[in-house]
Amino acid sequence: MPTLTIREAIRLGLDEALETDPSVFLMGEDIGTYGGAYAVTAGLLEKYGPDRVRDTPISEAAFIGAGVGAAAGGLRPIVELMSMSFALVGFDQIVNMAANLRYMSGGQIKAPMVIRAPTGAGMQLAATHSQSFETWLAEVPGLRVVAPSTPYDALGLLRSSIKEDNPVIYAESAGLYGASGETPAEYYEVPIGSAKVCRSGDDATLISYGHGMPILYESAEILAARGVSAEVIDLRSLSPIDTGVLVDSVQKTGRVLALDTARRSGGIMAEVTATLQEQTSDWLDGPVVRIGAKCAPWPYNREMEQGSLPDAQDVTGMLSATYDL
Amino acid sequence: MEIQRYVPTQLRPARQMRADLQQIEQASSLDGVGELRSVGEVSLYGPGEKAELLDLYRQMYLIRRFEEACAENYSKGNIRGFLHLYIGQEAVAVGVMSVLRPGDYVVTHYRDHGHALARGVDTNRAMAELFGRKTGLSKGKGGSMHLFDASKRFMGGHAIVGGQLPLAAGLSLSCTYKGTDDIAIVFFGDGAVNQGTFHETMNLAAVWKLPLLFFLENNFYGMGSAIGKVRAGGTDFYPMAESYGIESVLVDGMNVLEVREVMANAVGKMRAGGGPQFIEAKTFRYVGHSMADPARYRDDSELAEWMEKDPLKTFPSLLLARGAAVESDLEAQRESVHQEVSAAVRFSEGSAKPSPHEIFDDVYA
């Protein structure tokens, strides 16, 4: 089985789609000649030419909206944002246009497009470049939101996202582009809306996505050394959320901690934990636990930034305090 | 509707166009209206012109009557929400649409009833949408500001000022990507010019040479703000296009034949691969921004001046003066429109309301 990084897995998925589907094209800032700010699209311009790998002006509202229009016109655009934080500049086009178009036309129009964007903190890019607005967008009806944390899921979710007839926000954890893993040579897809139990356990359910997953794996190891068996779940999809998998797990373990590397307040884990409180309260040994990044703008200084992000000590500490684990 | 019989003349530079318009405005009295455009003389005496010219009148009258019926039904409570009427601007929509082909995409702003009707959208379904009925174009989910008919490539009805421009750029990109000579046209008002999306889309369309026609309906007020209050640089916008390398013209938006002429010129160039074009039409809405607006921010004299140029007065006068129609022809069109609009109201009143169970329909494909 080939080993790929997440960057390579995404590139493979894009390459494959360009190769097999003439309605697919890419556009974004410096994705062609430059090869992409994170080098995801390197080599694709040379292979497919400037009509299908389109460098755009620095003009997010225009090219996100043009992606919606091209999708409404029957194509399958894949739009790259240089940062999820830059989605703010084109938010009207994502929410009012991409997400609402189908509904307000009474189902006459569809907008099959993928908006890819690196997301998350951890690289000392400070307040304007470190935010995780996939959690905001997950609230918007009409959008799908996915966030892979492994090369396997990156490729499988990208394939599903490109085939999806609705606009998909594909959030790429910027800190994980170099993470490697095995990726089958034979074709497979990871369906949108399916969470994954990454590690089985009986004593507590740990939930996160994207950049939060390595923190959960580290936490599970620490807990295992204490004799606590943690079940680790990767949401993979923020919209829709695979509530069934989460509920099944919490009914088994009776304890749940949800971790967000985005700001804790109003984050996707607020939704996850509230849902679990509603649906599994009879099985819970104590209150649901939600941890996330500090509710402040992202600082530049490394120690401050790391201090703002949750870590494995926060996870194990909260489990001890809440559930006496 | 094709208008091949209109031989596109050389597109005049914008400034020349402006000078022409000033002459027109100076000469603008009802008696002189037949002298306004030489294209009128050519077209009026062409074979088979009469039916087509009468149809232009019919469409403008249909929009006017439809809008009056909307106002009546708003007062009765049958139509709610924001209702923005197009009364006064009819010659723009009708002149523009008469030049387009079925494969072209039309994207517009929230003052969209006139564009929808001129594009051939079903009158019953348009009215039913305003009534919030299941038989409406968007099954009652869009309302006045969000009319869509994908079968006519009428792609909305968009209610965030300027937000529709990038969408239209993408639609025009899909035309060239597929190797067709179809185009997209995007309507926007003078208020949208101050949005970033206007400038971003102008640049993108120019850089990518998109077949996108920017059509500015300059009615001099963005809601209640006169242009001069909110824009540096006067009340002409078409020169801005030149700074993006986009050819632009100014046209009298009260003159349906002139709108047709500049459209035919611009569209011909775009179909030949010439990239984007820009047309600014000077026009005026006779009513307030929406039904909630008594329009106290402008003088009655200004309105009266524009109503002198009302296309529903000047155009039929021209037809009569040129012998293209007799009074009974016009009366027959008006009668047919009255029946059509009355039928649309009855259709809407008689249509079922959507069920709350349909709230979740069409959120996702």
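Being in contact (Cβ under 8 Å) with a residue 12 or more places away in the chain, more than 14 Å from chain B (Cβ to nearest Cβ) and more than 19 Å from the chain's Cα centre (by Cα): is that true of A:A127 here?
Details: in contact (Cβ under 8 Å) with a residue 12 or more places away in the chain: yes; more than 14 Å from chain B (Cβ to nearest Cβ): yes; more than 19 Å from the chain's Cα centre (by Cα): yes.
Yes; evaluated as a whole, the condition is true for this residue.
Could you identify the single residue in A:S229, A:S239, A:S265 that is within 20 Å of the chain's Cα centre (by Cα) and free of Cβ contacts under 8 Å to residues at least 40 places away in the same chain? So that I can check it myself, show each step before the final result.
Values: A:S229 fails: within 20 Å of the chain's Cα centre (by Cα); A:S239 fails: free of Cβ contacts under 8 Å to residues at least 40 places away in the same chain.
Unique residue meeting the criteria: A:S265.
Any idea which residue in the stretch A:72-108 is nearest to the other protein chains (Cβ to nearest Cβ), counting only those that are under 21 Å from A:F133 (Cβ atoms) and in a loop (DSSP other than H, G, I, E, B)?
A:N100
Of all the residues that make up the stretch A:242-262, how many are surrounded by fewer than 24 Cβ atoms within 10 Å (Cβ to Cβ), closer than 22 Å to A:L157 by Cα and more than 15 Å from the chain's Cα centre (by Cα)?
Total meeting the criteria: 3.
How many residues are of a type in the set (K, R) and surrounded by fewer than 13 Cβ atoms within 10 Å (Cβ to Cβ) when one looks only at the stretch A:1-47? Steps first, please.
Pass one, the stretch A:1-47, residues of a type in the set (K, R): A:7, A:11, A:47.
Pick out the ones that are also surrounded by fewer than 13 Cβ atoms within 10 Å (Cβ to Cβ) and you get A:47.
Residues in the stretch A:1-47 being of a type in the set (K, R) and surrounded by fewer than 13 Cβ atoms within 10 Å (Cβ to Cβ): 1 in total.
Pick out, from the stretch B:286-365, the helices (runs of 4 or more DSSP H) lying fully within it that include 3 or more residues that are of a type in the set (S, T, N, Q).
Working: elements: B:300-307, B:311-321, B:327-350.
Helices (runs of 4 or more DSSP H) meeting the threshold: B:327-350.
Return the residue satisfying two criteria in turn: it lies in the stretch B:146-169 and is surrounded by fewer than 24 Cβ atoms within 10 Å (Cβ to Cβ) and assigned to a helix (DSSP H, G or I), and of such residues it is farthest from the other protein chains (Cβ to nearest Cβ).
So the residue we want is B:K152.
Rundown of residues vs (1) hydrophobic (A, V, I, L, M, F, W, C); (2) in a strand (DSSP E or B), yes/no style:
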{"position": "A:M1", "(1), (2)": "yes, no"}
{"position": "A:L4", "(1), (2)": "yes, yes"}
{"position": "A:L14", "(1), (2)": "yes, no"}
{"position": "A:L18", "(1), (2)": "yes, no"}
{"position": "A:G36", "(1), (2)": "no, no"}
{"position": "A:T41", "(1), (2)": "no, no"}
{"position": "A:F63", "(1), (2)": "yes, no"}
{"position": "A:G67", "(1), (2)": "no, no"}
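Tell me, which strands (runs of 3 or more DSSP E) wholly within the stretch B:188-285 include 2 or more residues that are more than 14 Å from chain A (Cβ to nearest Cβ), among the β-branched types (V, I, T) and surrounded by 22 or more Cβ atoms within 10 Å (Cβ to Cβ)?
Details: elements: B:212-218, B:247-252, B:277-282.
By residue number, B:247-252.
Name the strands (runs of 3 or more DSSP E) wholly within the stretch A:196-254 that hold at least 1 residues that are closer than 17 Å to A:M269 by Cα and charged (D, E, K, R)? Show your work before the answer.
Values: elements: A:196-199, A:204-208, A:230-234, A:237-239.
Of the strands (runs of 3 or more DSSP E) lying wholly inside the stretch A:196-254, those with at least 1 residues that are closer than 17 Å to A:M269 by Cα and charged (D, E, K, R) span A:196-199, A:230-234.
For A:E172, state whether it is over 16 Å from the mean Cα position of the chain (by Cα) and charged (D, E, K, R).
On the way: over 16 Å from the mean Cα position of the chain (by Cα): no; charged (D, E, K, R): yes.
No: the conditions fail for A:E172.
Applying the selection to the stretch B:242-262, what residues are closer than 16 Å to B:K282 by Cβ and among the hydrophobic types (A, V, I, L, M, F, W, C)?
Scanning the stretch B:242-262 gives B:V249, B:L250, B:V251, B:M254, B:V256, B:L257, B:V259, B:V262.
I need the full set of residues from the stretch A:255-274 which are in a helix (DSSP H, G or I) and within 19 Å of A:Y323 (Cβ to Cβ), in order please. It would help to see each step written out before you state the result.
The initial filter retains those residues of the stretch A:255-274 that are in a helix (DSSP H, G or I), namely A:268-274.
Correct list: A:M269, A:V272, A:T273, A:A274.
Every read-out reported here was derived from the displayed coordinates using simple, explicitly stated rules and does not represent laboratory data. Please read all numbers here as calculations on a predicted model, not as lab measurements. Neighbour counts run over all protein chains shown; Cβ positions are idealised from the backbone, glycine included.
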